[in-house]
Every structure is written in C-alpha cells, then in structure tokens.
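Let me begin by presenting the structure, written as structure tokens, before commenting on it.
The values are calculated or read from the model by the stated rules, or taken from the named source; none is laboratory data. Note that the structure is predicted; figures quoted are calculated from it, not measured. Cβ atoms come from the backbone with ideal geometry, glycine included; neighbour counts cover every protein chain shown.
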Amino acid sequence: MPAVRIKDHWREQRLFDQRAIVCAALMALATLGLIVRLYVLQVARHDYYSDLSQGNRVRNEPIPAARGLILDRHGEVIAGNQPAYQLELVPEEVPDLSDTLARLVALGLLRDDDVDELERTIESSRRFDSVPIRLRMSDEDVARFAVRRFEFPGLDIKTRQTRFYPNGALAVHALGYVGAISEQDLKHIDRASYAGTALIGKLGVESAYEHELHGVNGFREVLVNAQGRSVERQGALLAELHTKAPTAGGDLVLSIDLKIQRVAEAALAGHRGAVVALDPNNGDVLALVSLPGFDPTLFGRGITAGEYNQLQSDIDRPLFNRALRGTYPPGSTVKPVIALAGLTYHVVDPEAHRYCAGSFHLPGSSFIYREYHNEHHGAVNLDDAIARSCDVYFYGLANEIGVDRISAFMAPFGFGALTGIDVSGEKAGILPSRDWKQKTFARPADRIWFPGETVSFGIGQGYLTVTPLELAHYASVLATRGHIWQPRLVRAHRDPRSGALQPLAPVSQGEVPGVSAEDWQRIVHGMIGVTQRGTAAAVGLHAPYVFAGKTGTAQVYTVSRTEKYNASKINERLRDHSWFIAFAPADAPRIAVAVLQENGGAGASAAAPIARKVLDAYLLDGDGKVKPSS
Amino acid sequence: MIYEEVTSGSRTRRTLTGAARVLFALKIDGPLVIGLALIAAFGLVVLYSASGQSLSTVLRTAARFVLGTAAMLLLAQVNPNFLRRSTPWLYLAGCVLLLVVAAAGHVGLGAQRWLDLKLFRFQPSELMKLAVPMMCAWYLHERPLPPSWGSLGALAGLILLPVALVAVEPDLGTAALIAAAGALVIVLGGLRTRVMVGLLGLAAVGAFFGWNFMHDYQRKRVLTFLNPQTDPLGAGYHIIQSQIAIGSGGVFGKGWMNGSQAQLEFLPERSTDFIFAVIGEEFGLLGLLLLLSLYLFVVSRAVYLATQTQDTFARLLAGSLALTFFVYVFINAGMVTGLLPVVGVPLPLVSYGGSSVVTLLAGFGILMALYSRRKLIGS
C-alpha cells in the first residue's frame, strides 16, 4: 500500500528553489556555449566570413578595352572602331510585353517571325537585366525609334563598339576580320581576360596580332543584391567600389600601301586572282590582293546565316585567300631560276644556241613536248630563251641539269616552303624531287621519278606548284640578286596614346648560296628582255623605268597532242591561268610583284598589264616621272 | 518594508519613490518592465534596418507592442486565484480552437495555423503557449510534489494533445515551445532526476520514430543542420548566409544599415526568424552580447520573481514562463548561429510579425500578477 502523501509546502518551496538554481546554471552554460559559438564566427573566423560576404556583394563588371587601330604604311586607317546601335529591353519596366513587341513590329523595327523567339528569350531572362532585342540598327531605325521613345517604357537604344573597316573589302585578305568569339576561339584564349569582349580577330592581321590589338580589359566593381541586380545604394551601403580602367590595344602600322593596294585591286577587278607586291629590300608587303573579296564589316556587326551561306556557296569563293593559300603551277615564271641553276651548275653556256623547231622529245621516247602555241623560235641562246620564253630550250636544259639539282637549287628561293609571312593560314606549294615523290605517293609505281617529269619541271608544269605569295617572294629574291627577306604585313607598333612608332626590324633569311654576280646579271638581263623585246614587250612599252619581268601560263586543262588549244572554245574556267612576275627598277629594285589571273590565258595578255599598273603606281609621281628612291 | 513613505531626501529620490508607488499600485515590476522595454527599443532600431528601412514595418511592430503592453497591464491586475480557477476552461477552449484550425483553418504559408476572425487572424497555438503551462501548474497545484507516476501520465496527456495538434499544422517550432513550457513546469515541480534521464532516453527513441512521420521539409532541415554545405542553394542557404552575416560582422559590426548580407537580401527572413544575424552583422559581437545581457537580465529577474511567489500554481507557472522565455532566445540564437536545426522560432520581442509579442507580454503580465499578490495567496 502506497504511503499517503500530503502536500508539504515548505519542502516544495525548497525543491522549487533547487530546481530554479539548476535551471539557472543550465541557462548560464547554454549562454556560454552561444558566446563561444559567436566568438568562433565573429572573431576566429571573421576574415573567412568577411571574404564570403564581400564575394556576395560585389560583382566585377568588365569594361572592354578599345581595340587597336590598323593603319597602312602612311597612316591611313584600314580598321577602326565605331559605335553600333542596338535596341535593348528591361523586362520589369515593360508593362505589356506582347503589346510592346507587336508595336515594334508595326514600326518595322522587329520582324514578325522573330517575336515568339524573342518573347521566350525575354521571359527566361532576369527581370532587371537589359536584353538586346534588335542588333545593328541603321541610323534611320534609330531615328524612327527615337521619336516614339516615350511610347515604349523599358526600351532604350544602347551603343557598343564594333569594328569598322572604312574601305570595305579593300585588303580584306591581308587584314582578316573580327567576329563573335566561338567555341574554337575559347580554347586558346584566357577567358577571364576576354570577359566583356564581344569580338575576336578571325584571320589575317586581326587574328595574328590579336594579342596586341585586344588590349587589357578593365573592370568596375558593382554592388549587387541577392538576385544579382546591381544597386546604387541599399541601406547605408553605397557602390563605392574599385574601378580599373582598361588599357587600349596597341595600333599596328602595316607595310601595305593603300594606294598600291587600290590600284592593284582596281586592275584585277572583275577577275579571280591575286596580286602580291613586296619591297625586295626588307620584305614589306606593299599590296596583297586576292579577288574576289568580301566586306569584313559583315562579320563584326554579326553576319546573318543568309549572308554567310551566300559567301560560302559563291562559285568564285570570295572567302578563299588565293594570295596565301591558292597553289598553282607557276608555268614559265620559273624559267629564270632554271636558267640560273644551269649557269651555276655550269651545265649551259649562255651564249650557245639551241635550235627550237616547236617541239622536244627525249632520246628513246616517242613522247613529244610541244612549244606553247606551237611557236618556232629557231636558234636561241639563254638570253633569248628567257625573253621569248622558249619551252624547247628549257625542256632540254632541265633534262640536262636533272631534277634533284633543280630542286635543291630552287629551295632557297622559297619554293615548296612557307615564306613565314606574319599572318597564319599560309600554304606552301610543292617543290618536287625524287625524294619528295618517294615520300608522297603510296603505290610503288607512282614513287618512281620519270625523266619526262623533269622535262615538264623545266617550264613550271607538272608537280611544281606555288602560291602567289611564294612567287612574289621568288621575284623579290631575284630582284635583290639573292637576298632573302621574310615577308611581313606589320612594320611597326604604334602607341595609341602618344602615337609613338616602334618599328619592327625586318627579318633576313640569308642569301642564295653559290651564284656569281655575273650569272645574276645574265638572268636579270634576260628578264629585262621580256619587257622590252620578248613576250611582254607590249606591256613594257614606253615605261619610264627599266623593269625585269617574266610571263607564265599555267595549264589547267591538258590539251591532247593532236588537239589545238583554243581559248575561245573551251570553258572559261578551264582556260590557262595567267602569271606575271616583275621587279623594278631593274638595276636597283624597289618593288617586286607577282600577279595571277585565274583562267586569264597567256601571262602576257592578262597578268602583265596589271603588274605594270602596280609598278607605275609605286614608282611614278603624278607627272609620270620616276620618284626618287626614299 | 520595501516601499516606505519618504517625506524627506533629494528630489530624485522622492521622484523614484513616487514612481515605485505607482508601479506597485499597478502591480508592475519596474526592473522587468525596463528590461523588456530596452529589448523592444533595440529590436525596433534593428528592425528598421532589417526590414530594408520600412517605417511601416516598424510602426506595425510598435502597435503590437502597444497591444502586448495593454494585455500585460490588464493581466497583471487579475487575481491569481481567479486565473487558476479559469485555467481548465482556457485550456479546453484552446484545444477546441486547435481542432477548429485543423478542421477549417485558413491555409497560410502552406500550413494551417491561422484562424480568420475577420478582424485579425489569430493563432490558437499562441494561446496554448500560455494555456499548457497554466494547465500543468493547475494540475500539480493540489497534488503532492514530486509528482507521482499517475500525475506524470496525466500531465503527459495534457501536454501532448495540444502539441500534437500544433505539430500536424505543421508548426514544429511552436509545438516544441509548447512542449518545453509544459515540461518545464514538471521539472520545476520536482521531477526526479532518474525519471528525467529515463524520459530523455525515451525522447531519443521517439525522435527515431518521429523521423518517419516528418514532412520532407522538416527532415531536410534536420539533415541540412547536420551539414549545411550539402545543399548550399537549397535548404542550407539560410544557415550559410546567416553564418556569413554574423561572422563578417566581427567584433564591432558593419554599422547600422550597413550590413551587406542583410541590406542586399542575401540573408533570407532577415526581419523575422533571422534578425539575430542582422544584429550580429551590423552591431557585431558587442551588439549580440548587449542583447544577450538584456535577455539574461529579464530571465533572471523573472526567475527571481517566481521564487518569491508563495503557492504551487504561481511558482510553477511563473518559473515556467521565465524559463520558456530563455528557451525562445536560445533556440533562435542557436539555429541562426548553426548550433541547432532551423525551426521557425522567432527571436522574442525583436523578430517581426506573428502574435508572439502579444503572447510574450501577456505571459509577463501573468507573471507580475502572480508576484504582486504573493501576500494574498498561499497557505
């Protein structure tokens, strides 16, 4: 039986007091725990949490650096920057999105087809972020919107810097262009330093000198709230924050002379082809033409799919850089170097005559190598053979020198190798040899070098191919009698602020070994003969300076032995390519040039007149007199 | 005699003595009221900053303080014997209201907590914060202490019924507070230590099973409490941001309205459950220590008043009210600093919103009523 318990008030009071004391002690302990926790957070780990808090509140907004300008050698702007206008919309400030977009369509500022897509983009954006809804507004569009701006709350016209090419397509294949940064580009740039940059160099100088042109982007710290909205002021917080000004990209001074460039492009206009003019004394590229071209501004302002497809599918391939990447048989333009090889190897007596009856055949072979247009040159010595471009003379000469010696001799002139020009994308032509054939072909039967192939080599046909740049380089080496300079498009850096020039030293690649001055002179004499009494005599007529040249005609279509080549009868695109190389003045050359006109027919009729115009433009003053050398 | 008649002395002394007489007549405890007023004043200053400089928020809270003060003054006048006699009816009414909420309550914030009385919305669970400890104290008043096993069983039932009803709303924070208020009455009533240990063991087992009945968000809170970094943008976001706010405040704080975590809204619930972190960020460790000191002062004073009452009902109820106030503070501060899981418990008298300000001040009114009539009741 349980004991009967009665209330003992005195005992209960004491029990309560004890419990109250224990509870007070527990509360003190709990408070102590809390204070320890606060100490850990606010004192021991204060720095850590301060960093996190700073990371929360601050966002770096990039300030893109102005891209460096590109100037021609006389300081004329080839590539600059220009503001472009775009229409932007802040979703939270627009009362009725569908209605707003509909009214923009009615104004002709948006296309009806784009509205659905735009609406989706806008709805997936943050409410306070400005969304571009129309890029590349014309001045007219801007004006049309500006007068009705009050009807469109939440919309505004923003400007951004875009690349501007004041001369349009002029020199585009040297310049390259800028375009939106692609996945591919992201692989070899530092993403952090490109934050805020919209455009990147894609080809040519714009791409090769991207690092110099880009500059260093700055940034501005912005106060942001938890939603990522930038705020000027919140509570007592102010956007006091650091800024780092951008450093503008450096300007580039090209070796290109826009005057020469314009003349060359005008002379070749309407044809497919390339012109490369070099200063033989330092490798400066005075003009680099590849036609047809395209307007690089298209890419900077955002090319449409339609425009791009049109460029891509154009049968004339305007995006193809013929000057750097087009490889063609050089035709008779190689004859001077073959002759020089013959002289250097003492295979040929320059005064000895050979008889040209219009055809050549190797001993023991029935195959007939014919003269171009079945001409009969009669008895010709070396000088005549160059001037009149006698194939039969060079068939025999090449055969006597032998392929390996020809190949070895031609290599220092830059055949079969990249010239090393300071932009990427250059292709090398082919300098064939027994060794080359052995390495290149898979089938054993194809690896054997046939004697007949050496014969074709002598007139620049067969496996031998060159790019127009390589051929200009070769002309330049002939012009200097053996000095080799690496071609270059950029000759100086310019400080964008002070305008101070920092010239780049030209890069010498040494000299052609083992050729006597006498032999050089014999070759040059033969090439002067070309423009005075030879194949290009009509072009050299009345030139106020003496210039050396050589025509070339590269076969595209092989005419059978019994057939006659008749340019008017065959398809235009199967006609021969027309070549001309030249340098002037012949005794102290200041310019070397190579001209290619695709399917232009004989070198003398198509390419040579273009070369003459380029030489005139460079050497003559307004009165038609030769300018003194600077 | 505490309040002796003073006819001489300095003017200041006369004024103070006069004020003491007024407070005595009003059954008000001066130190307690001053402590509460200081907390409330500090709270309003912080709230202005924490609400993003919303004056209307501050004014609405001030209005609640006025309402709460009125309730406190009113309840301080009530005769404790009357209070004790009406306790079962109050408790019963509270339970009925909870059932009504469960049946037809207004769905607010995804949980059924509110009863729409047209004029204002009323949370019956707030009423139970007072009614449950009152009921427990009432039950033990006539019975010998320490409580017998039978009494413990009955008390468990009295506590768990309303706790269960609140927990299923679901409002885990309030349920825990109600349970704590009831349990504290029993502890103060002299529950034997070995029984306490045993019950804690049972609670552990209960927690294990309770886990299986928890809502997903409640479980998530527990898991996130154990490791906030597992879900930095989800459930762990609150706790990470509040620790950043407190930690970055350092010793002296970033200054009033200068807390970037609070002002830029990285800190969620900055004016309600997480206002403790705003104080930590803007006023630093010193600000928090000041606030904790004020709370401790109020709690100590309330515990002291409880020890001075003279019957069981008054003592147990007053003690429970005093200790519960501390539990509020500790749970809120603990969850904001990452010591405890995130349960929705506001910082008493500082957090914005809810009827808790009124309930708390009403509780202190009851406490003062019990203390001021200590001579009229008891043996």
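Residues that are buried (at least 16 other Cβ atoms within 10 Å of the Cβ) and either at pLDDT 90 or above or not charged (D, E, K, R) (or both) within the stretch A:438-459 comprise A:Trp449, A:Gly452, A:Thr454, A:Val455, A:Ser456, A:Phe457, A:Gly458, A:Ile459, listed in sequence order. On the given criteria, is A:Ala25 among the small types (Gly, Ala, Ser), buried (at least 19 other Cβ atoms within 10 Å of the Cβ) and either within 14 Å of chain B (Cβ to nearest Cβ) or within 60 Å of the chain's Cα centre (by Cα) (or both)? No: the conditions fail for A:Ala25.
So is B:Val345 within 11 Å of chain A (Cβ to nearest Cβ) and farther than 14 Å from B:Gly68 by Cβ or not? No; evaluated as a whole, the condition is false for this residue.
Taken as a whole, the stretch B:363-374 holds at least one residue that is part of a loop (DSSP other than H, G, I, E, B), under 30 Å from A:Trp10 (Cβ atoms) and assigned by TED's automatic domain parsing to the domain that holds B:Thr69. For the stretch B:104-146, the candidate set comprises residues that are touching a strand residue (DSSP E or B) at 6+ places or on another chain (Cβ under 7 Å) and part of a strand (DSSP E or B); within that set, the residue that is modelled with the highest pLDDT is B:Phe122.
Of the residues that make up the stretch A:571-583, is at least one surrounded by fewer than 16 Cβ atoms within 10 Å (Cβ to Cβ), modelled with pLDDT under 85 and not in a helix (DSSP H, G or I)? Yes, the stretch A:571-583 contains a residue that is surrounded by fewer than 16 Cβ atoms within 10 Å (Cβ to Cβ), modelled with pLDDT under 85 and not in a helix (DSSP H, G or I).
The numbered conditions (1) closer than 30 Å to A:Thr344 by Cα; (2) modelled with pLDDT of 85 or more; (3) of a type outside the set (S, T, N, Q); (4) in contact with a helix residue (DSSP H, G or I) (Cβ under 9 Å, 6 or more places away or on another chain) are all true for A:Pro544 except (1).
In this entry, A:Ile21 is excluded by the filter for residues that are at pLDDT 90 or above and farther than 30 Å from B:Pro144 by Cα. If you filter the stretch B:249-280 down to residues that are among the aliphatic types (A, V, I, L, M) and in a helix (DSSP H, G or I), you find that the one that is nearest to the other protein chains (Cβ to nearest Cβ) is B:Ala262. Among the residues of the stretch A:227-238, those identified as buried (at least 16 other Cβ atoms within 10 Å of the Cβ) and either touching a residue at least 24 places away in the same chain (Cβ under 8 Å) or not hydrophobic (A, V, I, L, M, F, W, C) (or both) are A:Arg229, A:Gln234, A:Gly235, A:Leu237.
Against the condition in a loop (DSSP other than H, G, I, E, B) and either basic (Lys, Arg) or modelled with pLDDT of 90 or more (or both), how does B:Val299 come out, does it pass? Criteria not met by B:Val299.
One line per residue, one yes/no per condition, for (1) within 25 Å of A:Gly218 (Cβ to Cβ); (2) under 15 Å from the mean Cα position of the chain (by Cα):
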position	(1), (2)
A:Gln161	yes, no
A:Val172	no, yes
A:Gly176	no, yes
A:His188	yes, no
A:Ala195	yes, no
A:Leu199	yes, yes
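For the stretch A:52-75, the count of residues that are over 38 Å from the mean Cα position of the chain (by Cα), of a type outside the set (A, V, I, L, M), surrounded by fewer than 16 Cβ atoms within 10 Å (Cβ to Cβ) and assigned to a helix (DSSP H, G or I) is nonzero. Within the stretch A:151-200, the set of residues being under 17 Å from A:Gly215 (Cβ atoms), without any contact (Cβ under 8 Å) to a residue 24 or more places away in the chain and surrounded by fewer than 20 Cβ atoms within 10 Å (Cβ to Cβ) comprises A:Ile181, A:Asp185, A:Ile189, A:Asp190, A:Arg191, A:Ala192, A:Tyr194.
Does any residue of the stretch A:82-104 turn out to be more than 7 Å from chain B (Cβ to nearest Cβ), closer than 30 Å to A:Pro166 by Cβ and without any contact (Cβ under 8 Å) to a residue 40 or more places away in the chain? For the stretch A:82-104, residues more than 7 Å from chain B (Cβ to nearest Cβ), closer than 30 Å to A:Pro166 by Cβ and without any contact (Cβ under 8 Å) to a residue 40 or more places away in the chain: absent.
Those helices (runs of 4 or more DSSP H) of the stretch A:293-365 in which 3 or more residues are farther than 23 Å from A:Gln597 by Cβ occupy A:297-300, A:305-313, A:335-344.
Within the stretch A:365-391, the set of residues being surrounded by 14 or more Cβ atoms within 10 Å (Cβ to Cβ) and within 12 Å of A:Thr535 (Cβ to Cβ) comprises A:Tyr372, A:Glu375, A:His377, A:Asp384, A:Ala385, A:Ile386, A:Ala387, A:Arg388, A:Ser389, A:Cys390, A:Asp391. Would you point out which residue out of A:Leu41, A:Leu34 is assigned to a helix (DSSP H, G or I), at the interface with chain B (Cβ under 7 Å from one of its Cβ atoms) and either farther than 30 Å from B:Arg315 by Cβ or of a type in the set (Ser, Thr, Tyr) (or both)? Answer to the selection: A:Leu41. Only one of the numbered conditions (1) at negative phi; (2) of a type in the set (A, V, I, L, M); (3) not in a helix (DSSP H, G or I) is not met by B:Leu349, and that is (1).
Among what's in the stretch A:394-437 and is of a type in the set (Val, Ile, Thr) and either free of Cβ contacts under 8 Å to residues at least 12 places away in the same chain or part of a helix (DSSP H, G or I) (or both), pick the residue that is surrounded by the fewest Cβ atoms within 10 Å (Cβ to Cβ). Going through the qualifying residues, I end up with A:Ile401. Only residues that are touching a strand residue (DSSP E or B) at 6+ places or on another chain (Cβ under 8 Å) and closer than 30 Å to A:Arg317 by Cβ were counted in the stretch A:139-171, giving 8.
Of all residue pairs spaced 6 or more apart or on separate chains, those with beta-carbon atoms under 9 Å, a first member in the stretch A:203-225 that is within 14 Å of chain B (Cβ to nearest Cβ) and a second member that is β-branched (Val, Ile, Thr) and assigned to a strand (DSSP E or B) are A:Glu221/A:Val58; A:Glu221/A:Thr243; A:Val222/A:Val58; A:Leu223/A:Val58; A:Val224/A:Val58. Regarding the stretch B:205-218, can at least one residue be identified that is away from chain A (no Cβ under 14 Å), surrounded by 13 or more Cβ atoms within 10 Å (Cβ to Cβ), among the polar types (S, T, N, Q) and part of a helix (DSSP H, G or I)? Among the residues of the stretch B:205-218, at least one is away from chain A (no Cβ under 14 Å), surrounded by 13 or more Cβ atoms within 10 Å (Cβ to Cβ), among the polar types (S, T, N, Q) and part of a helix (DSSP H, G or I), which makes the answer yes.
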